[in-house]
Structure formats: C-alpha cells, structure tokens
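Before any comments, here is the structure.
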Amino acid sequence: MIITQLILAHLIGDFILQPNKWVAHKETHKTRSAYLYLHTGVHFLLALLLLWNLKLWWVAVLAAVSHLAVDALKLHFQKPETKRIWFFADQALHLIILMWIAGLAGALDFSFLQHPQTIKYITAAVFLTIPSSIIIKTLLSTWSPVTVEHSKLQTDSLSNAGQYIGYLERLLVFTFIVVNHWEGVGFMIAAKSVFRFSDLAEAKQRKLTEYVLIGTLLSFGIAVLAGILVMIS
C-alpha cells in the first residue's frame with residue numbers, strides 16, 4: 001500500500017495543489033524560487049498525511065527530498081523546445097524513485113510479475129503495438145492505394161497519428177475482450193467507421209477505401225485473436 005499512497009501524494013501535490021503561478025515562477029527563477037521549496041514541503045506533508053504512520057516519517061522525507069532534486073534537475077536543464085520531453089522524464093523519475101523508496105520500506109512486491117497470466121497479458125500487449133503494425137504493413141504491401149490530387153482532398157494529418165491510433169485501438173479491443181465486454185469491440189468498430197470512413201467517402205476512391213478497410217479489419221482481427229488466445233490459454 002505504501003507505493004499507492006506515495007503515488008497519490010505525488011499526483012495531488014504535482015497536479016492539483018500546484019498552481020500555474022508556482023510553475024511559472026519556478027521556470028523563471030529555477031532553484032532560487034521560493035515556490036520550489038514550498039512545493040517540496042507540500043509533498044512532504046501529503047506523504048506524511050497519507051502514510052498515516054509517524055514511524056514512516058523517513059519515507060516522507062525521502063519522497064520530498066528526491067522530488068526537490070528531480071525538479072531542480074529539470075528546471076536546470078529544461079529548455080522551451082525540450083519542455084514536453086522533460087515533463088515525461090520528470091514524471092518517470094519521480095515514479096521510479098517512489099518505487100525505490102517503497103522497496104526500502106519493504107512494501108514493494110513484484111511477485112505478481114511471475115504469475116503466468118500476467119506474463120500473457122504483458123506479452124499480448126507488447127505484440128499489439130509495433131509487432132502488429134509491422135505484420136499489417138507487410139500483409140498490405142502487395143497493394144498500394146491510389147491517392148487523389150492534393151487539390152481535391154485535404155491531406156494534412158498529425159505526424160504518425162495513424163500508427164498510434166492503431167496501437168490504441170488494438171489495446172482497447174484486447175482490454176474489452178479480457179474483461180469480457182465484447183460490446184466495447186462493437187463500439188470501437190462503429191466509432192472508427194463514423195470518423196474514418198466519412199473522410200474516405202469524401203475522397204470518392206474505392207481502392208483507397210478498400211485498402212483502409214482491409215487494414216482496419218486486420219488490426220481488429222489481430223487484437224480479437226490475441227484476446228481469445230490469452231483467455232483460453
């Protein structure tokens with residue numbers, strides 16, 4: 001439970017009880033900002049409160065001091081163009097350190113990773129990301145969709161958006177299956193049909209529509225198959 005309490009304290013301290021004013025002041029004045037140390041104090045009090053055990057005061061101290069060190073590191077090296085990267089790196093470091101602290105307190109147990117069913121879930125989830133994308137791309141490589149002229153169709157799209165949509169849709173379908181909510185799979189198919197194929201209808205290209213339809217069915221089919229195999233194995 002200690003790791004859960006520490007993560008809850010972190011979430012409240014970093015995202016709920018940290019006003020934008022504090023963030024802006026810290027980014028401007030870095031380690032000279034009084035708000036950096038006030039923010040650290042908030043984390044200490046939250047950890048101590050949620051742990052609700054004075055014997056674990058040292059856990060709250062470690063959580064607060066480590067948070068200060070990671071935040072100071074981010075503020076020192078962060079630049080406007082690397083702000084997004086440092087946000088995720090900062091959060092990842094906080095999580096790793098909190099897990100380490102929980103381990104020092106003897107409250108971190110990774111034995112669940114040795115459970116065969118857990119390994120199956122993890123293996124299937126990994127398979128449904130990049131490996132599945134490569135398989136689908138290879139299967140579709142014999143066809144090349146015909147595209148319309150740029151003047152006739154809006155072609156602007158987010159970078160790699162289709163790839164990430166594929167990851168998410170397969171993982172969601174897999175999740176719906178393992179929790180035995182097949183209606184969620186139908187919802188996913190209907191939702192994608194509304195958004196994706198309405199765009200294709202405007203392009204008025206049968207070959208492109210068939211190409212995307214085959215890719216979509218392959219994506220959903222692989223996710224369904226993975227879910228079924230995990231459930232029956």
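The values are calculated or read from the model by the stated rules, or taken from the named source; none is laboratory data. Quick caveat, the model's predicted, so the values are computed rather than measured. All Cβ positions, even for glycine, are placed from backbone atoms using ideal geometry, and neighbour counts span all protein chains on display.
Looking only at the stretch 137-150, decide whether some residue is modelled with pLDDT of 95 or more and of a type in the set (A, V, I, L, M).
No - not one qualifying residue is present in the stretch 137-150.
Can you pull out every residue in the stretch 107-129 that is over 23 Å from Phe220 (Cβ atoms) and outside any helix (DSSP H, G or I)?
Of everything in the stretch 107-129, those that are over 23 Å from Phe220 (Cβ atoms) and outside any helix (DSSP H, G or I) turn out to be Ala107, Leu108, Asp109, Phe110, His115.
Failed condition for Lys26, given (1) basic (Lys, Arg); (2) modelled with pLDDT under 95; (3) in contact with a His (Cβ under 9 Å, 6 or more places away or on another chain), with all others met?
(2)
Is it the case that the stretch 1-23 has a residue that's more than 25 Å from the chain's Cα centre (by Cα) and among the small types (Gly, Ala, Ser)? Outline the logic, then answer.
Taking the stretch 1-23 first, the residues more than 25 Å from the chain's Cα centre (by Cα) are 21-22.
With among the small types (Gly, Ala, Ser) added as a condition, the list becomes none.
So far as the stretch 1-23 goes, no, none of its residues is more than 25 Å from the chain's Cα centre (by Cα) and among the small types (Gly, Ala, Ser).
Regarding Arg196, is this residue among the charged types (D, E, K, R), in contact with a helix residue (DSSP H, G or I) (Cβ under 8 Å, 6 or more places away or on another chain) and at pLDDT below 70?
Judged against the criteria, Arg196 is a match.
Here is a check on your reading of the model: is Thr40 among the hydroxyl-bearing types (Ser, Thr, Tyr), farther than 16 Å from Ala102 by Cα and buried (at least 19 other Cβ atoms within 10 Å of the Cβ)?
On the way: among the hydroxyl-bearing types (Ser, Thr, Tyr): yes; farther than 16 Å from Ala102 by Cα: yes; buried (at least 19 other Cβ atoms within 10 Å of the Cβ): yes.
Yes, satisfied.
Give me the pairs: first residue in the stretch 156-185 and of a type in the set (D, E, K, R), second residue modelled with pLDDT under 90, beta-carbon distance under 9 Å, and six or more apart or on different chains, which are they?
Glu169/Met188; Glu169/Lys192; Glu169/Thr216
May I ask you to list pairs of residues, at least six apart or on different chains, whose Cβ atoms are under 9 Å apart, with the first in the stretch 85-106 being polar (S, T, N, Q) and the second being modelled with pLDDT of 95 or more?
Note: pairs meeting the criteria are Gln91/His10; Gln91/Asp14.
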